[in-house]
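Note sheet for the following structure.
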Amino acid sequence: EAGVAQSPRYKIIEKRQSVAFWCNPISGHATLYWYQQILGQGPKLLIQFQNNGVVDDSQLPKDRFSAERLKGVDSTLKIQPAKLEDSAVYLCASRFSGANVLTFGAGSRLTVL
Amino acid sequence: DAKTTQPPSMDCAEGRAANLPCNHSTISGNEYVYWYRQIHSQGPQYIIHGLKNNETNEMASLIITEDRKSSTLILPHATLRDTAVYYCIVRDYSGNTPLVFGKGTRLSVIA
């Protein structure tokens with residue numbers, strides 16, 4: 001089966017600019033996650049979707065981060081305006097309902113200058 | 001916060017067994033132990049999980065102590081491609097709670 005697709009793989013922006021990341025999960029996977037991974041740390045959950053509804057966004061900095069999954073399939077994570085500390089890899093993962101294993105994409109690496 | 005403790009780094013000679021320890025002294029009865037690994041520039045990859053019995057698959061073996069307070073991931077014949085960060089995670093089986101990652105163990109397999 002095809003894996004979790006993410007784009008772009010790399011993005012460089014200046015602080016206060018905006019950026020958007022796209023994720024297409026594995027077909028049929030109802031649960032979708034966005035994680036942020038800062039260099040040298042483990043991934044940290046930003047938001048979890050079940051179909052097109054938000055299950056957990058408690059760690060999403062809502063003043064600058066937003067995410068949507070309008071049709072319950074692909075998802076977009078947006079940062080506006082970006083700060084230096086947002087430099088990280090943004091990982092998307094998906095899971096089939098009833099399964100307990102997450103499949104991750106390769107990630108989108110953001111550098112904020 | 002992560003509920004597990006792992007050594008920050010380990011080395012292993014190529015072809016030898018790599019034994020990666022994990023402490024999870026506060027694990028509760030309905031929580032499983034999961035292992036993922038992350039190779040450089042890739043997303044984390046699932047390896048194995050278990051509740052209380054030892055588990056083995058094509059990638060690795062998982063040994064969980066009888067009191068379930070610690071476990072060991074075993075890569076029986078490590079290769080250079082096994083160089084990665086290995087994460088030990090405890091999580092309930094329902095899947096409703098997210099994976100909480102710690103810093104993991106950076107395993108370096110040396111030729």
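The values are calculated or read from the model by the stated rules, or taken from the named source; none is laboratory data. Everything numeric in this text was worked out from a predicted model, so none of it was measured. Virtual Cβ from ideal backbone geometry, glycine too; neighbours counted across all protein chains shown.
Considering every residue within segment B:87-99, establish whether at least one is touching a residue at least 24 places away in the same chain (Cβ under 8 Å) and more than 11 Å from every other protein chain (Cβ to nearest Cβ). Yes, there is a match, as at least one residue in segment B:87-99 is touching a residue at least 24 places away in the same chain (Cβ under 8 Å) and more than 11 Å from every other protein chain (Cβ to nearest Cβ).
Please determine whether any residue of segment B:27-46 is modelled with pLDDT of 95 or more, among the polar types (S, T, N, Q) and more than 29 Å from A:Y90 (Cβ to Cβ). No - not one qualifying residue is present in segment B:27-46. Yes or no: segment B:27-36 includes at least one residue that is away from chain A (no Cβ under 14 Å) and crowded, with 19+ Cβ neighbours inside 10 Å. There is at least one residue in segment B:27-36 that is away from chain A (no Cβ under 14 Å) and crowded, with 19+ Cβ neighbours inside 10 Å.
Could you grab me the full set of residues in segment A:52-80 that are within 14 Å of chain B (Cβ to nearest Cβ) and either under 27 Å from B:Y87 (Cα atoms) or modelled with pLDDT of 95 or more (or both)? Once the filter is applied, which keeps residues that are within 14 Å of chain B (Cβ to nearest Cβ) and either under 27 Å from B:Y87 (Cα atoms) or modelled with pLDDT of 95 or more (or both), segment A:52-80 yields A:V54, A:V55, A:D56, A:D57, A:S58, A:Q59, A:L60.
Here is the figure for segment B:33-63: residues that are within 11 Å of the chain's Cα centre (by Cα) and farther than 18 Å from B:L107 by Cβ total 2. Listed by position, the strands (runs of 3 or more DSSP E) contained in segment B:34-111 that have at least 2 residues being among the aliphatic types (A, V, I, L, M), in contact with a strand residue (DSSP E or B) (Cβ under 7 Å, 6 or more places away or on another chain) and farther than 23 Å from A:C23 by Cβ are B:61-64, B:70-75, B:105-110.
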